Amino acid sequence: MDTTKTPAPTAPEADSPADLKKADAAETTAPVAADTEAAGEAVPDEELAGLEDIEDLEDELDEPAEKPSGVGAAASALIAAGLGLIALSGSWVSRVIAERATLVGQIDSVNATSTEAKIEALYGNAWQMTALVNGVLSTLALLVAVFVLARPAFGAPGRTLPTWVRAVSWAAVALGVIGVIVFAVMYFLPLPKAA
C-alpha cells in the first residue's frame, strides 16, 4: 500500500495540474488495493459452488441454440413443385396407364356396334385414366406444399421457413391447384360425338 501522502486537490500546496493528476491516481488505486486484500481472504466453499453454478448457466446462455436446418422443408417444397410440374406436363405413369387403357379399348372395340362405343373404347378410357393419374399427382403436390407452409405453425414458436422455401411452396400450391382444376375438367369433359 502506498504510504506517501499526496496533497488534496483543494489544498493550497496543490497548485499544479501534475499534483492534481497524482491525487486522482491515488484515489483510484486505493479501492483496487482494498479489493485485492479482500480477495486474499478465504471464501467459503458454498459461495464458490454457487459461483460455479452461475458461471455454468452463463456459459449455457452464451451458447447459441441449435436452429433446425430446414432441410426437410426445403426438400418437401422442391418435391411438391416437381410433382406439380410433372403432373401438368404428363407423367410416365399416366402415359403407361393410358396406353394400357388404349390397348384394352382396341380389344373391346372389335365387339363395339356403334361409332360412339368405338370412340369410348379407343380414346375415352385412356383420356380419363391420364386425367385421373395426373390429377392425383397434382393433389399430392398441393398437399405436400400446404404441409410445408403450415408446418412452422405447429413447430417451435418463432420458427420461420427461409424465403426461397416459402416461394417454392407457394409455386407448388399454384401448380397443384391448376393441375387439379385442369384434370377435373379433362376427366369429366364429354367425348366428341360421331356424325
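The values are calculated or read from the model by the stated rules, or taken from the named source; none is laboratory data. Everything numeric here is computed off the predicted structure, so don't read it as measured data. Ligands, DNA and RNA are stripped out before the accessible areas are found, and what is left, the full protein with its side chains, is counted by its heavy atoms. Shrake-Rupley method; radii C 1.70, N 1.55, O 1.52, S 1.80 Å.
Which distance in Å, rounded to a whole number, links the C-alpha centroids of the range 102-116 and the range 125-152?
Cα centres, the range 102-116 to the range 125-152: 31 Å.
Largest first, how would Lys193, Lys118 line up by accessible area (1.4 Å probe)? Show your work: numbers first, answer last.
Numbers: Lys193 165, Lys118 90 Å².
Per-residue accessible area, sorted high to low, gives Lys193, Lys118.
Could you please put Trp127, Trp170 in sequence from largest to smallest accessible area, using a 1.4 Å probe?
Largest accessible area first, the list is Trp170, Trp127.
Of Arg159, Arg151, which has the most accessible area and how do the rest follow, probe 1.4 Å?
Per-residue accessible area, sorted high to low, gives Arg151, Arg159.
Using 0.36 nm times the number of residues separating Ser89 and Thr160, minus their current alpha carbon distance, what extension gain do you get? Show your work: numbers first, answer last.
On the way: separation 71, 0.36 × 71 = 25.56 nm, distance 3.18 nm.
Residue separation times 0.36 nm, minus the Cα-Cα distance, leaves 22.4 nm.
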